[in-house]
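The values are calculated or read from the model by the stated rules, or taken from the named source; none is laboratory data. What you see is a predicted model, and the numbers here were worked out from it, not measured in a lab. Because the Cβ atoms are built from the backbone with ideal geometry, glycine has one as well, and the counts that use them run over all protein chains shown.
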Amino acid sequence: MGRSGSDPETGILYVNASNEAEWISMRPSQPVESITSFQLGSQIVQSMCSNCHGNPIAAAQFPEKPPASLESVAHRMSRPEVESILTAGRGAMPGFGYLLDVERKAITDFIFASGKNVHLQPGELDAQWKDEIPYQATGHHDFRDPDGYPVNPRPWGTLTALNLNQGTMLWQVALGTYPELERRGFQPTGTFNIGGPIVTAGGLVFIGATMDERFRAFDKDSGEHLWEFQLDAGAYATPATYSCNGKQWIAIAAGGGGKPGTRSGNKLYAFTLP
């Protein structure tokens, strides 16, 4: 599920969600006597972080590289910053305060490609990593048909308006489309989406988030699709609104990349009426 936007005057919550099938399998655990800090980190990232960040590049027992969304972290942050985020969270990422110090260090070792020669002892690990746990999850994997589309029924992504005062759904629409299916005459199918909406006093809901790299506006009362703009990269962020010289602007960052695996970008778009 994405982030949400709310209208305090009406009590309506607007939230986007992904609905693409995934699969998870189990495999025998590696005996802890032979595990290094780097290997432990690769196992934790593969089983715990893949839902949001994607699977590590190698789907092996011990992946040698993190997914692209985490690989870039080593170039943007310090180890203390990463460990702090793992503990307390930041933005849409929750904190994992239950992690042992050795587990938190192992994750950062994997991200920063260190700890490959630091062998851990069984006594250093929590019960979840001891030999009594015979199997572990391989992480989240896309479940696709032969053409590369999700196997489950559409829509594969939605934007929904919920009336919090009545506990009812006001409307729901498909969010996003696959351009190839669109060219073949399919109605918007929805796509995996990351990022959230913003609601304006003018009665609009703005959202990027989709893999088709478009920025859209919907009528907040009916869900009617009113406008869209093709970006150069995916806008996997929540829009911002501000006023400048008496005019209201809507801005969105289009960085692309990340778990959706679309092309990367480096632009910030800002829109206003003439």
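Go through (1) surrounded by 17 or more Cβ atoms within 10 Å (Cβ to Cβ); (2) at pLDDT 90 or above; (3) touching a Gly at 6+ places or on another chain (Cβ under 8 Å); (4) not charged (D, E, K, R) for residue 250 and report which single condition fails. Looking at each condition in turn, residue 250 falls short on (3). Here region 156-181 is the region considered, the condition is being touching a residue at least 24 places away in the same chain (Cβ under 8 Å) and assigned to a helix (DSSP H, G or I), and the residue that is farthest from the chain's Cα centre (by Cα) is 181. Just one of the listed residues (265, 234) is under 22 Å from the mean Cα position of the chain (by Cα) and part of a loop (DSSP other than H, G, I, E, B), namely 234. When region 55-78 is limited to residues that are touching a Lys or Arg at 6+ places or on another chain (Cβ under 9 Å) and modelled with pLDDT of 70 or more, the one that is nearest to residue 92 (Cα to Cα) turns out to be 69.
Give me the residue from region 27-41 that is exposed (fewer than 11 other Cβ atoms within 10 Å of the Cβ) and of a type outside the set (Asp, Glu) and, out of that set, modelled with the lowest pLDDT. By that ranking, first place goes to 31. The test for being under 17 Å from residue 16 (Cβ atoms) and modelled with pLDDT of 95 or more does not hold for residue 196.
Out of everything in region 237-262 that is under 19 Å from the mean Cα position of the chain (by Cα) and not small (Gly, Ala, Ser), what residue ends up being farthest from residue 6 (Cα to Cα)? This residue is 262. Quick check on region 79-93: of everything there that is at pLDDT below 85 and surrounded by 12 or more Cβ atoms within 10 Å (Cβ to Cβ), which residue is farthest from residue 120 (Cα to Cα)? So the residue we want is 92. Taken over region 192-220, the residue count meeting the criterion of being in contact (Cβ under 8 Å) with a residue 60 or more places away in the chain and among the polar types (S, T, N, Q) is 1.
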